[in-house]
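Take a look at the structure below.
Quick note: the coordinates plus some simple rules give every number you see, no bench work behind them. Computed from a prediction, not measured in an experiment: that's the story for all the values here. Quick reminder, even Gly has a Cβ in these numbers, built from the backbone with ideal geometry, and neighbours come from all protein chains shown.
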Amino acid sequence: MHRDFLEIPDFSSDELHSLFVLAESMRAGRYDKKPLAGKSLAMIFMKSSTRTRVSFEVGTWQLGGAAWFLSPRDVQIGRGEPIGDTAKVLSRYVNGIMIRTFSHQDVVDLARDASVPVINGLTDYLHPCQILADILTIRQHLGTHEGKVVAWIGDGNNMANSWLNAAWRLGFELRLACPEGYEPDAALLERARERATVHLVRDPHEAVRGAHVVTTDVWASMGQEEEQAERERAFAGFTVNAALMARAERDAIFLHCLPAHRGEEVSAEVIDGPQSRVWDEAENRLHIQKAIMAVVMGGEAL
């Protein structure tokens, strides 16, 4: 029976801890196995990406395997082929499938009909690989994620939803500052509160007070560009600037999944400043995804 990674709760809390340890060993250069030797990863990109494509391609190669990039022009999904048919065909050719797309249901359907592991590279609902990279960055710079306070500032989007999933699994305190009408998924919020302290507030200043991590994302994600002007009005006052960061802990770090719009969701002085860890965060996509692939495709034990 193969194992998929569609969302953070697909791994237990103990497994997540082991996954971070594995990824840290990869970042430190202590891991020299080639668990993907002779294996291939199909990468379906219905949404374009810099970090996701390069990190998965390079990561697969570093683990001994090969990755194949499939754009909407390269697969028949965009021409009406049922995603289940694509899953069954690709499963005959490759040892794993990574997909980055719009509808989360497409990922669920792909995993249902594939006979090889499926990894969620992003949907409009969740972005699990990114959040695990973020937590890896927190561990890298703050020593641990345990007992830390994470403040999310902005849209209740796929990033916010995945932060909720991470808080539910790992139990750290999460504060989300979202404008009215831009809240995260209600069911994920309710579930996260079963195991973690989670606050949903309207004032970014309230969210960041004493926080160890301050993080945000663009106000209009891919596919929402026509809402840009409306969102700029709704998110007025939600820019992460030096004054906002000053309310966090003195050694707080700033994270952003990138790409960033300086002057909108974050000021240049913050993202390019001494508290920013966004470049380590981007690098950690490579290491955490290598760990995920080593486990679900390469048989590495957690």
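Within 10 Å of each candidate Cβ there may be at most 15 other Cβ atoms; applying that plus a DSSP loop requirement, which chymotrypsin sites (Phe, Trp or Tyr not before Pro) in region 1-103 survive?
On the way: sites: PHE5, PHE11, PHE20, TYR31, PHE45, PHE56, TRP61, TRP68, PHE69, TYR93, PHE102; in loops: PHE11, TYR31, TYR93, PHE102.
Those that pass, being in a loop and sparsely packed, are TYR93, PHE102.
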Exercise. Taking amide H positions as placed 1.01 Å from N in the peptide plane, with prolines and chain starts having none, which residues 5 or more places from ALA67, or on another chain, fall under 5 Å of its amide H?
Worked result: LEU41
Exercise. Once amide H atoms are placed 1.01 Å from N in the peptide plane, what residues at a sequence separation of 5 or more from MET98, or on another chain, have their amide H within under 5 Å of its amide H?
Worked result: ALA42, MET43, ILE44, ILE119
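Could you give the DSSP H helices of the chain that reach 15 angstrom or more along their long axis (alpha carbon positions) and whose average Kyte-Doolittle hydropathy is no lower than -1.0?
Working: long enough: 13-27 (21 Å, 0.10); 51-62 (16 Å, -0.69); 128-142 (21 Å, 0.58); 158-170 (18 Å, -0.21); 278-296 (27 Å, 0.14).
Answer set is 13-27, 51-62, 128-142, 158-170, 278-296.
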Exercise. How many percent of Cα pairs in region 197-302 exceed 15 Å?
Worked result: 68
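How would you rank 251-258, 110-117, highest first, on the average number of other Cβ atoms within 10 Å across their residues?
Going by the mean number of other Cβ atoms within 10 Å, highest first, we get 251-258, 110-117.
Would you please put 214-220, 36-42 in order of how densely packed they are, using the mean number of other Cβ atoms within 10 angstrom per residue and starting with the highest? Before the final figure, lay out each step's value.
Numbers: 214-220: 25.1, 36-42: 19.0.
Ranked from most to least packed, the peptides come out as 214-220, 36-42.
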Problem set entry | Interchain or long-range residues, amide H under 5 Å from LEU200's placed H | LEU176
Exercise. Which percent of Cα-Cα pairs in region 130-281 sits in each 5 Å bin, short to long?
Worked result: 2, 10, 21, 24, 23, 13, 5, 1, 0
Exercise. Across the chain, where is the longest run that never hits GluC sites (Glu not before Pro) in a DSSP loop with at most 13 other C-beta atoms within 10 Å?
Worked result: 1-145
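Viscosity 0.890 mPa s, temperature 25 °C: give me the Stokes-Einstein translational D for region 82-179 in µm²/s, with Rh taken as the Kirkwood radius over C-alpha pairs. Each step should come with its number before you reach the end.
Working: Rh = 14.9 Å.
It comes out at roughly 165 µm²/s.
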Seminar exercise, completed: Gyration tensor (Cα only) of region 38-141 to equivalent ellipsoid, semi-axes in Å sorted down, yields 23, 16, 12
For this session: Please compute the Cα-Cα pair-distance distribution of the chain with 10 Å bins starting at 0, giving whole percents from short to long.
Result: 6, 29, 35, 22, 7, 0
